[in-house]
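The values are calculated or read from the model by the stated rules, or taken from the named source; none is laboratory data. Given the structure is predicted, the values throughout are model-derived calculations rather than measurements. Using ideal geometry, Cβ is built from the backbone for each residue, glycine included, and neighbour counts are taken over all protein chains shown.
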Amino acid sequence: MATDRIILAALALTLIATVVALAGCPQPPVEEPPVIDMPREPTGERPAGGGEGETIKVIGSTTVLPIATAWAKAYAEVAPDVSVNVAGGGSGSGIEALINGTADIGDASRAIKDSEMERARAAGVEPVEHVIAYDGIAAVVHPSNPASQLTLQQLSDIYSGQVTQWSEVGVDGVGEITVVGRDASSGTYGSWEELVVQAEDDTREYTVAMLQMQSNETVRSTVASTPGAIGYIGLGYLDDTVRTVPVVPLDGGDAVAPTEATVADGSYPISRELYMYTRGRPTGIIRAFLDWGMSEAGQKLVAEEGFVPVD
Amino acid sequence: MKKRVSRVWEWGIERLIQIAGILGIILVILIFFFLLRNSLPILRDFALADLLAGREWRPVREPPRFGMLPLILGSLYVTAGALVISIPLGVATAIFIAEIAPPRAREILKPAVELIAAVPSVVLGFIGLMVVGPWFARSFDDIPVGSFAALGSIMLAFMALPTIVSICEDALYSVPRALVNSSLALGATRWQTITRALLPAARSGLIAACLLGLGRAIGETMTVLMVTGNAAVIPRGLMGFLRPVRTLTATIAAEMGEAAQRSEHFFALFTIGLLLFVITFAVNTIADLIIRRSEKDIA
């Protein structure tokens, strides 16, 4: 008898759950993010950080990650009572975390999208942008690849799939091009699409044949082990396992190699700003942290990590 | 008095186990409805045929395209390859452990195979990405890059092995000894006994083991995400095994981080989840039915 009752109860529960689930269907369901949600005021502009315990949470772009990590480490000595927690996850995740309150600072290697801005405002958050460094994205090939330079148009042709053989861009003896890039959650993916793939033609898109890797390191290691590969990585990730190809800008002229100098003066065509976003104007410990990051000490770390300091 | 306490105790434990079992069923049902609810916005706006047979997966373009065909075929290639490798290997291992190996070898082999299941998938993925893949690319001219479908298959075969071996073994043990002994007594060799008496008798159990291995392989995420290259191309012919592909699971893992909550992309990823759920559910149900049949056969 007891068994029957329990089964009956289970069935009833299931039925209720079903009804509840289906009742929610007509509207887009509101899913709470799977992360721990910090309390937030509906008006936004909350005194960010102050009084929350002395922790700053920084989440976002894997490109910005080395800078954020270096800052957090050095800042522990500047302000021992403040701990800075840093996590990666991609630019989109960073802005998402900023909106839902999981992060105090959202890192991004691209500017916030209009759609993200709208959702932030709908949630009562006003994201404020801070340019913390400049970054160049380098085109890299296998060390044995003889390519001496590529034009921006050629790169666009390669990454949109118009061209599939190295001989079609004037490089002989390498064969088929293996196109390597980042996955869609990467800011670098978006920047490269905008600055290279769509350099001349907004309607172009990445070739589906592109290998989508999860990090700058995996792009580098794949290119380093694949003779016919081409990939792109942030300036800070260049090393001698891959060869950097100088790029000829759209308006012609000489090919420019990505270096701190050419990114800083704007002559390298594939460069971008790196951002940290805060909820409203930063105050308290968050402001102090960002001010320190923009100071000479913080910007020196930016350079040490292989990025280009602001000013 | 003592007897009564122990009876109450026993009753309590029984109910607890019962509740745990029922809870499991409820959770599965809830997960199904959670997936369904989050897939509805996509299922409403796009024709099912366009989703399942669409040739292009471009979730962040305007307008987005959610063609899952390359992903479905990617999963199919990687899983099929994994089964081709793991089924013969798994069944053979199970036969060896159950029938041929001396007791001492069995005592070492069985835990060793089960230990494979304890290797975290991210570790296998890392080994595939950094060691095995580049080695293949260096050694074979037909493989341009060290991330390709068959590499995922090899890694998955390794992961599906413990499942296949354990269940095959159970199936072999459940064959009545009298059957084996009478075959031997009639003068059959050991090989004849295994192929003509033992394997046919354990047939349903073996098939179920392979199906559960299939379920394990198709749902695996981390390893394939790392070693198959994630290019959403439609694989073609046998050469497709040597080219990068992207699976259903890897797509969810790679893109969930970027997909804005409650955007079309977000719901489309849930639709992939629903598809995976339906596939694994079907495979496991069939396996379960076959296991039951085999139990009946033997009884």
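Worth pointing out:
- Among the candidates A:E129, A:E118, residue that is over 23 Å from A:V310 (Cα atoms) and among the charged types (D, E, K, R): A:E118
- With a requirement of 2 or more residues that are touching a strand residue (DSSP E or B) at 6+ places or on another chain (Cβ under 6 Å), in contact (Cβ under 8 Å) with a residue 40 or more places away in the chain and within 25 Å of A:G298 (Cβ to Cβ), the strands (runs of 3 or more DSSP E) lying completely within region A:72-180 that satisfy it span A:105-108, A:127-141.
- Every residue from region A:211-229 that is touching a residue at least 40 places away in the same chain (Cβ under 8 Å), outside any loop (DSSP other than H, G, I, E, B) and small (G, A, S): A:A224, A:A229
- Looking only at region B:48-61, and only at residues there that are more than 10 Å from every other protein chain (Cβ to nearest Cβ) and either of a type in the set (D, E) or in contact with a Phe, Trp or Tyr (Cβ under 9 Å, 6 or more places away or on another chain) (or both), the one that is nearest to B:L36 (Cα to Cα): B:L51
- Filter result for B:P70 (within 10 Å of chain A (Cβ to nearest Cβ), assigned to a helix (DSSP H, G or I) and out of contact with any strand residue (DSSP E or B) (no Cβ under 8 Å at 6 or more places or on another chain)): no
- Restricted to region A:187-207, and to residues there that are closer than 20 Å to B:P70 by Cβ and either part of a loop (DSSP other than H, G, I, E, B) or out of contact with any strand residue (DSSP E or B) (no Cβ under 7 Å at 6 or more places or on another chain) (or both), the residue that is nearest to the other protein chains (Cβ to nearest Cβ) is A:E205.
- Of the residues making up region A:208-244, those that are surrounded by 22 or more Cβ atoms within 10 Å (Cβ to Cβ), among the aliphatic types (A, V, I, L, M) and more than 10 Å from every other protein chain (Cβ to nearest Cβ) number 5.
- Checklist (1) part of a helix (DSSP H, G or I); (2) surrounded by fewer than 20 Cβ atoms within 10 Å (Cβ to Cβ) applied to B:S75, failing item: (2)
- Looking across region A:263-311, the residues that are among the β-branched types (V, I, T) and not in a helix (DSSP H, G or I) come down to A:I270, A:T278, A:T283, A:V308, A:V310.
- From the list B:R44, B:R55, B:R4, B:R15, the one residue that fits, being under 30 Å from B:F148 (Cβ atoms) and of a type in the set (D, E, K, R), is B:R55.
- Pairs with Cβ under 9 Å, 6+ apart, first in region B:251-263 and at positive phi, second at pLDDT below 85: B:R262/A:P28; B:R262/A:P29; B:R262/A:V30; B:R262/A:E31
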